[in-house]
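Data block below; observations after.
The values are calculated or read from the model by the stated rules, or taken from the named source; none is laboratory data. No experiment lies behind these values; they were computed from the predicted model shown. Glycine also receives a Cβ, built like all others from the backbone with ideal geometry; neighbour counts cover every protein chain displayed.
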Amino acid sequence: MSIPLQHPSLFRQQALIGGLWCAADSGILQPIHNPATGELIGQVPYMGAAETQRAIAAAQAAQREWKQRTGKERAAVLRRWFELVMSHQEDLAQILTREQGRPLAEARGEIAYGASFIEWFGEEAKRTYGDTIPSPQASQRIVVIKQPVGVVAAITPWNFPNAMVTRKAAPALAVGCAVVLKPAPQTPFSALALAVLAEEAGLPPGLLNVVTGDAHAIGGAMTSSTAVAKLSFTGSTAVGKLLLAQCAGTVKRVSMELGGNAPFIVFDDADVDAAVAGAIASKYRNNGQTCVCANRIYVQSGIYDAFASKLASAVRQLKVGNGLEDGITLGPLIDERALLKVEAHIADALAKGAQLVMGGRRHALGHNFFEPTILVNASADMRVAQEETFGPLAPLFRFDTEEELLRLANATESGLASYFYSRDIARCWRVAEALETGMVGINTGLITSEVVPFGGIKQSGLGREGSYYGTDEYLNIKYLCFGGQ
Ligand SMILES: O=CCCC(=O)O
């Protein structure tokens with residue numbers, strides 16, 4: 001299958017190690033398919049530990065020189081990278097929609113979102129400020145400086161093939177680190193295209209390496225290497241725990257952006273139309289395949305029926321199909337495993353007393369398409385209450401009091417995002433402070449951008465990405481004590 005691109009060189013079917021585009025040592029290739037059609041898009045090298053170790057060595061060598069550059073010099077390279085990404089937005093979106101499935105309009109949005117991290121962290125490169133601390137000793141002066149951690153290993157997910165790469169690589173490169181990236185096996189082409197543009201922007205060879213292939217072998221080489229100072233991972237909590245355990249052996253710094261189970265709460269005093277619009281944005285963005293997507297929708301009894309009926313009307317307006325076609329708002333799910341999980345959550349909920357308002361089945365279009373689904377009378381004993389569905393399923397739970405709601409919303413090991421709608425300012429503060437999540441949307445269903453600290457508490461992760469807090473993840477703090485003053 002060929003992709004009609006204005007710049008065909010953006011579609012790379014090789015990995016990048018130390019500035020060289022290369023094949024796997026074994027010569028083995030991994031086929032990549034379009035989730036909307038099943039068609040073969042292309043192939044990437046199926047690499048393993050040996051290639052990863054070479055990428056780490058190349059990164060280590062390149063970082064020695066890169067960390068000596070000024071923040072202003074590094075910022076200039078990132079600025080060029082940002083501009084190139086934006087000027088190739090259409091081609092990058094075409095690649096992204098084919099490998100990931102999201103509608104083209106949404107894919108263009110992701111390219112701009114991804115680029116915003118390059119722009120933001122390029123600007124922050126000039127602001128890795130230190131500190132001075134008044135000394136308790138008259139003869140001493142105390143200064144705090146920040147230095148790049150060194151080589152960063154990054155493992156990124158398939159749900160944001162572009163933006164999760166830049167959200168890790170941009171801050172790392174901005175502060176003087178080098179990166180070895182393993183993109184998700186389903187969506188390697190967006191990451192490889194970003195690397196093509198980084199090269200064109202003048203990023204020196206070896207600073208951004210992209211290794212595709214055997215997740216287990218590549219991850220193992222990354223976590224066991226003493227040359228890798230930091231691992232940044234976005235993906236499931238189960239894999240995150242495994243990587244955390246592997247990183248213990250070399251006491252690496254880690255950032256973990258793991259799974260969520262976001263409550264979306266609508267109080268009786270909410271603006272119901274605004275809450276419906278927020279629920280559509282939060283639940284159906286990327287077809288429900290976002291770690292901050294609403295997973296459990298709690299609606300207070302007084303407006304439960306009105307909300308359910310307005311939500312159903314809004315969901316009926318969504319159009320399922322191949323993301324390359326005009327007017328499509330929901331693409332396919334990523335793979336068969338994703339479909340099976342949505343089906344299992346629906347079957348479990350129906351068996352335990354929920355009722356279907358709409359959807360509930362694989363879509364007539366076949367492949368990985370699923371009907372947008374709404375369930376009412378969901379309850380705490382159902383899998384939809386306890387696990388992230390990661391699909392277009394909106395289960396509606398009923399609650400009576402704020403106290404009951406907080407108990408239900410916080411009854412999970414996840415703590416990534418939460419959302420609620422209310423027009424009572426006192427309640428807004430009270431509930432925002434009581435929700436056990438790293439991020440809270442109040443009267444909004446969309447909460448992410450490059451300027452905010454994205455991240456979770458509980459088992460949703462460690463560390464923050466984006467915002468000025470995001471650079472600290474790639475910096476070591478060093479304190480200097482000047483004696484004899
Ligand atoms: O799914 C993870 C990222 C979601 C976002 O950045 O909005």
### Task
Take residue 154 and decide whether it is free of Cβ contacts under 8 Å to residues at least 40 places away in the same chain and either of a type in the set (A, V, I, L, M, F, W, C) or surrounded by fewer than 17 Cβ atoms within 10 Å (Cβ to Cβ) (or both).
no
### Message
Restricting to the stretch 414-426, give me the number of residues that are in contact with a helix residue (DSSP H, G or I) (Cβ under 8 Å, 6 or more places away or on another chain) and either modelled with pLDDT under 95 or more than 21 Å from residue 381 (Cα to Cα) (or both).
### Response
4
### Task
Assess whether residue 202 counts as being in a loop (DSSP other than H, G, I, E, B), modelled with pLDDT of 95 or more, more than 16 Å from the ligand (Cβ to nearest atom) and closer than 18 Å to residue 230 by Cβ.
no
### Task
Please specify each residue of the stretch 446-485 satisfying the condition of being within 11 Å of the ligand (Cβ to nearest atom) and either over 14 Å from the mean Cα position of the chain (by Cα) or hydrophobic (A, V, I, L, M, F, W, C) (or both).
446, 447, 452, 454
### Task
Please give the number of the condition residue 165 fails out of (1) away from the ligand (no atom under 16 Å from the Cβ); (2) hydrophobic (A, V, I, L, M, F, W, C); (3) touching a helix residue (DSSP H, G or I) at 6+ places or on another chain (Cβ under 8 Å).
(1)
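Conditions (1) crowded, with 23+ Cβ neighbours inside 10 Å; (2) not acidic (Asp, Glu), marked per residue:
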position	(1), (2)
363	no, yes
372	yes, yes
375	yes, yes
381	no, no
397	yes, yes
403	no, no
406	no, yes
### Message
Name the single residue that is nearest to the ligand (Cβ to nearest atom) among those in the stretch 243-274 being touching a Gly at 6+ places or on another chain (Cβ under 7 Å) and charged (D, E, K, R).
### Response
257
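Among the candidates 184, 174, 193, which residue alone is surrounded by 24 or more Cβ atoms within 10 Å (Cβ to Cβ), under 20 Å from residue 473 (Cα atoms) and touching a residue at least 24 places away in the same chain (Cβ under 8 Å)?
Residue meeting the stated conditions: 174.
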#### Entry: So residue 347, is it under 27 Å from residue 459 (Cα atoms), without any contact (Cβ under 8 Å) to a residue 60 or more places away in the chain and within 16 Å of the ligand (Cβ to nearest atom)
no
### Query
Given the residues 411, 432, which is the only one that is at pLDDT 95 or above and under 23 Å from residue 241 (Cβ atoms)?
411
#### Entry: Candidate set from the stretch 275-299 (those that are over 14 Å from the mean Cα position of the chain (by Cα) and over 21 Å from residue 401 (Cα atoms)); member that is farthest from the ligand (Cβ to nearest atom)
277
### Task
May I ask you to say which residue of 426, 434, 417 is closer than 22 Å to residue 257 by Cα and more than 14 Å from the ligand (Cβ to nearest atom)?
434
### Message
Here is a check on your reading of the model: is residue 107 surrounded by fewer than 24 Cβ atoms within 10 Å (Cβ to Cβ), under 23 Å from the mean Cα position of the chain (by Cα) and within 16 Å of the ligand (Cβ to nearest atom)?
### Response
no
### Task
Would you tally the residues in the stretch 90-115 being part of a helix (DSSP H, G or I), in contact (Cβ under 8 Å) with a residue 40 or more places away in the chain and within 27 Å of residue 391 (Cβ to Cβ)?
15
### Task
Please find, within the stretch 219-240, the residue that is nearest to the ligand (Cβ to nearest atom) out of those that are within 19 Å of residue 207 (Cβ to Cβ) and outside any strand (DSSP E or B).
222
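Return yes when residue 8 is surrounded by fewer than 16 Cβ atoms within 10 Å (Cβ to Cβ) and free of Cβ contacts under 8 Å to residues at least 60 places away in the same chain and no when it is not. Before the answer, list the steps.
Values: surrounded by fewer than 16 Cβ atoms within 10 Å (Cβ to Cβ): yes; free of Cβ contacts under 8 Å to residues at least 60 places away in the same chain: yes.
The answer is yes for residue 8.
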### Task
From the list 166, 128, pick out the single residue that is of a type in the set (S, T, N, Q) and under 16 Å from the mean Cα position of the chain (by Cα).
166
### Query
If a residue has to be in a loop (DSSP other than H, G, I, E, B), under 16 Å from the mean Cα position of the chain (by Cα) and not hydrophobic (A, V, I, L, M, F, W, C) to count, how many in the stretch 169-189 make the cut?
4
### Query
Under 9 Å by Cβ, and 6 or more places apart or on different chains, what pairs join a residue from the stretch 214-243 that is without any contact (Cβ under 8 Å) to a residue 12 or more places away in the chain and within 15 Å of residue 49 (Cβ to Cβ) with one that is in a loop (DSSP other than H, G, I, E, B) and more than 16 Å from the ligand (Cβ to nearest atom)?
216/48
### Pairs with Cβ under 7 Å, 6+ apart, first in the stretch 280-295 and within 21 Å of residue 99 (Cα to Cα) and among the polar types (S, T, N, Q), second in a strand (DSSP E or B) and away from the ligand (no atom under 12 Å from the Cβ)
287/330
